[in-house]
1. If the cut-off is 19 Å between C-alpha atoms, which lysines fall inside it for residue 67, apart from same-chain ones fewer than 8 positions away?
2. Among the aspartates and glutamates, which have Cα under 18 Å from the Cα of residue 130 when same-chain residues fewer than 8 positions away are ignored?
3. About the Cα centre of the chain, what is the dipole size in debye to 20, counting +1 per Lys and Arg Cβ and -1 per Asp and Glu Cβ, all else neutral?
4. Order the peptides 105-118, 136-149 from the highest to the lowest mean number of other Cβ atoms within 10 Å of their residues.
5. Please report the spacing between the Cα centers of the stretch 100-157 and the stretch 1-75 in Å, no decimals.
6. How much of the accessible area of the stretch 18-157, in percent, comes from carbon and sulfur atoms when a 1.4 Å probe is used?
7. Quick check on the chain: helices-only [θ] at 222 nm, where DSSP H runs of length 4 and up contribute -39,500 (n - 2.57) each and the sum goes over total residues. Nearest 500, please.
8. Please compute the per residue accessible area over the chain with all protein chains in place, 1.4 Å probe, rounded to a whole number of Å².
Amino acid sequence: MSDIYIAHYTNAGGGGTANGTETFRDTAMEHPAHETASYNLAMAVNKNVVNTIREMYDANWSNRGVKDSAGGFGEIRIPNRPAILIELGFHDNCTRDALYLKDNFFRSLAEWGLYKGICEYFGTTPTWDKYSDEYVSDTIPRTMNPGQSYNVSVTFR
């Protein structure tokens, strides 16, 4: 069982002009004991994602803030733990957000901001910087044949 739950999406419905990041928490959770912690998690994650994007990618990235889904999203209404839903950007904004969402560097920064926000929520310091990783192991076969499927894994820390 996990300590927190985060649903991670992209947004739409802004008529092609809405942009930026927004994060939802829920004041109508089935387990109301987690509502305050969900708000604190949403604040930490939203702030760190937006600040990281602004610092490293686009200084004008829109912060749409933390919002209350008021029972509207089952993903964060039902869990018996602090739960949030983050909408990273608007995939129907084809002149900005959708382009960013396809950019590996943008996505990497956003996920690092998410990680930093989770660390802040738990009161810990991130152990890895934005550009850090360490190869741990892999299960890649030495030889492979074209057209065949293989189960592989690569683990980084």
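1. Excluding near neighbours in sequence, the set is 47.
2. Once the sequence-local aspartates and glutamates are set aside, what remains near residue 130 is 55, 58, 103, 111, 120.
3. Approximately 120 debye in magnitude.
4. In descending order of packing, they fall as 105-118, 136-149.
5. Cα centroid to Cα centroid, the span is 22 Å.
6. Working: 3940 of 7810 Å².
The computed percentage sits at 50.
7. Counting only the DSSP helices, I get -10000 deg cm²/dmol.
8. About 57 Å² of surface per residue is accessible.
The values are calculated or read from the model by the stated rules, or taken from the named source; none is laboratory data. Predicted model only: the values in this text are computed from it and were never measured. Backbone-built Cβ (ideal geometry, glycine too); neighbour counts: all protein chains shown. Heavy atoms of the whole protein, side chains included, go into the accessibility calculation; ligands, DNA and RNA do not. Shrake-Rupley method; radii C 1.70, N 1.55, O 1.52, S 1.80 Å.
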